[in-house]
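The structure appears right after this line, and notes come after that.
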Amino acid sequence: MRAQNESRTTVLYPPIGVPLEIAVIEGGNVHALAFPVVLQDGEWRDASFGRRVQVQPTHWRHWGLLGTWSTVDAAVARQRMWTSIH
């Protein structure tokens with residue numbers, strides 16, 4: 001389990017096709033998914049099985065690294081996803 005007070009930076013662009021750990025808000029609490037995901041073809045997918053994951057992440061970091069979280073700018077991420085599939 002990760003510490004709650006880890007620093008967060010402002011990097012707006014989650015990389016495409018790279019295994020990531022993402023944080024989501026659920027029930028008013030922020031938590032990380034327990035499995036890696038990738039941004040692929042405009043959708044978030046389970047990195048191991050390729051299944052679509054319907055989430056709206058608030059932060060991301062490279063899977064397996066205990067680094068800082070980067071924020072996800074939803075509008076920019078949507079534009080990048082749109083651009084990646086068209």
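The values are calculated or read from the model by the stated rules, or taken from the named source; none is laboratory data. Predicted model, so just to flag it, every value in this text is computed and none were measured. Note: accessible area is taken over every heavy atom of the protein model, side chains too, but ligands, DNA and RNA are not part of it. Shrake-Rupley method; radii C 1.70, N 1.55, O 1.52, S 1.80 Å.
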* Asked: Does GLY64 fit the bill of being at pLDDT below 90 and on the phi > 0 side of the Ramachandran plot?
  -> yes
* Asked: Can you tell me which residues in the range 41-61 are at pLDDT below 90 and farther than 15 Å from VAL24 by Cα?
  -> ASP41, GLY42
* Total residues in the range 11-30, condition part of a strand (DSSP E or B) and open to solvent by less than 70 Å² (accessible area, probe 1.4 Å) -> 6
